[in-house]
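So the structure is just underneath, and the comments pick up after that.
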Amino acid sequence: MLFCHPQPESYHQHSASYIREALAPFLKNEEARLMAENGAKRTPFQYILCAATSPAVKQQEEALTYLNQGQSYEIRMLNRKLVEYTDISSKYVKSIVRVVFHDRRLQYMEHQQLEGWKWNRPGDRILDIDIPLSVGILEPCSDPLHLNTIEFLWDPLKNASVFIQVNCISTEFTPRKHGGEKGVPFRIQVDTYTTNEHGEYVEHFHSSSCQVKVFKPKGADRKLKTDREKIDKKTPQDREKYQPSHDATLLKECSPWPDALNLTSHSTSSTPSPIYHSSPTSCTFTEGNCSPNQQGELFMPSCSDHLLPSSSPQDTQQWLHRHRFSPFSRLFTSFSGADLLRMTREDLIQICGPADGIRLFNTMKGRCVQPRLTIYVCQQQARNQPSIKPGCGEIYHALYLEELTLLDLSEKIATLYNITPQQITQIYRQKTTGIHILVSDEMVQNLREETSFIISTIRDENTDGYHVVLK
């Protein structure tokens, strides 16, 4: 059933200058000139979230939008009518809207985080679609297995509008301590697909996203008011350091979410997409210690997928998509692996901009991010068990910390035992005298490289969590 309601005139009142200004960060140097000369290369879609941006964001940072939990917000999908739709063979396109983590560390733990939320909120969804308010959408669907996604069809020759509700709040994914914790940011991302020769919506066409934080009902309004009052108290010179607040949020073009690459790979090749799959290892806690049913190494991102000089242009395109360089794939359409590897760091910075240029150069050269601290942990009960082989001691697991914070340590321990960080109430360090010291960011920063600990747990009588003790 197609939901058709009168569309407001404001759909058609977006000037071209506003669009160019909003998309300026994505039109770098030569690419900007080519796109200005040839309008047919410009992406036809534009998505706008009808919620105000925060005025307390500095100029060089990404815009941030505050949302209220459970409130319906409109996402307008606009046809800019700047190009002919020669790349779209079907009448409709399929868009998938998803709420994901902005922090890369939480993205690696997405499965555990969402499972923990599902356990605490049975029957609820992270993202819902408000069908009665939506305009011009067809076959809206909420997959019960994916609580953070919705999908629907719409006609690209007409403007459409979907109303979404985000039912989780940012502080639900931060370790609870004493109240007042800073919530984690999310991303609202829209990935759009067209049909292949078999009529399946698997061909990725366009992606855009924005950064948001979700508060309890009316919390976003209070936070926005507080930010405005904070900026109003600053001097005119200091105000220039911050972005102006806008009544609506323009979703910026971005790389497709890995699921989009996975859909495309099913129809074009068997190359796996870079999606993190959690370990099937389960964990069973008993009083005084913890024991995972299976033992495994902690997940570390792979650096083995190198770009080779022998890579064809098609292989190079797939490599760019796998490593989230899709916005630049059109620039390097005819480049082979050898062509791209000949480019210097300065060349890539000039073409892609400083941030993406440096990342692309390091990825091509196979430079892995080294952890800032490595520690080793061993289960307490393993010390009383006989060695697996003669001459062998206890079995330790390596924890690699990218940030010297208590939060990163909690996440690594949770990942090791396949539990959510929220189940870890506190972390203590036991000295030889028997006293327990509460672990803080400062203590983590002062740990020595490759320090070894015996790890045990104590059940928290007030919650369903556990106290972790490092000896």
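Before moving on, here are some points about what is shown:
- Computed over protein heavy atoms with a 1.4 angstrom probe, the accessible surface ordering of TYR396, TYR201, TYR466, largest first, is TYR396, TYR201, TYR466.
- Ordering of 432-441, 413-422 by packing [mean C-beta count within 10 Å, highest first]: 413-422, 432-441
- Computed with every protein chain present, the accessible area of GLU139 is close to 120 Å² [probe 1.4 Å].
- The listed residues CYS254, CYS210, CYS141, once ranked by accessible area (1.4 Å probe) with the largest placed first, stand as CYS141, CYS254, CYS210.
- Dipole size of the stretch 313-365 about its Cα centre, with +1 on Lys/Arg Cβ and -1 on Asp/Glu Cβ: approximately 160 debye, rounded to the nearest 20.
- By a 1.4 Å probe calculation restricted to protein chains, LYS431 has an accessible surface near 90 Å², given to the nearest 10.
- Separation of alpha-carbon centers, the stretch 100-119 and the stretch 319-372, rounded to whole Å: 27
- Reachable aspartates and glutamates, given that their alpha-carbon falls under 16 Å from the alpha-carbon of LYS91 and they are not under 8 places away in the same chain: GLU139, ASP155, GLU197, GLU200, GLU203
- Cα gyration tensor shape for the stretch 43-253, rounded if a/c is under 1.5, else prolate or oblate: oblate
- Exceeding the 27 Å Cα-Cα cut-off - candidates LYS94/LYS225; LYS158/LYS218; LYS58/LYS218; LYS230/LYS412: LYS94/LYS225; LYS158/LYS218; LYS230/LYS412
- Solvent accessible area, Å² - LYS218, 1.4 Å probe, full protein context: 140
- The stretch 43-253, relative contact order in percent, only Cα pairs under 8 angstrom and at least six apart counted: 34
- Å² per residue, accessible surface of the stretch 43-253 at 1.4 Å: 47
- Global form of the stretch 313-365, assessed from the alpha-carbon gyration tensor, a/c cut-off 1.5: prolate
- Global form of the stretch 90-196, assessed from the alpha-carbon gyration tensor, a/c cut-off 1.5: prolate
The values are calculated or read from the model by the stated rules, or taken from the named source; none is laboratory data. The structure displayed is predicted, hence computed values, not measured ones. Cβ sites come from the backbone with ideal geometry, for glycine too, and all protein chains shown count toward neighbours. The accessibility values were calculated without ligands, DNA or RNA, using every heavy atom of the protein model including side chains. Shrake-Rupley method; radii C 1.70, N 1.55, O 1.52, S 1.80 Å.
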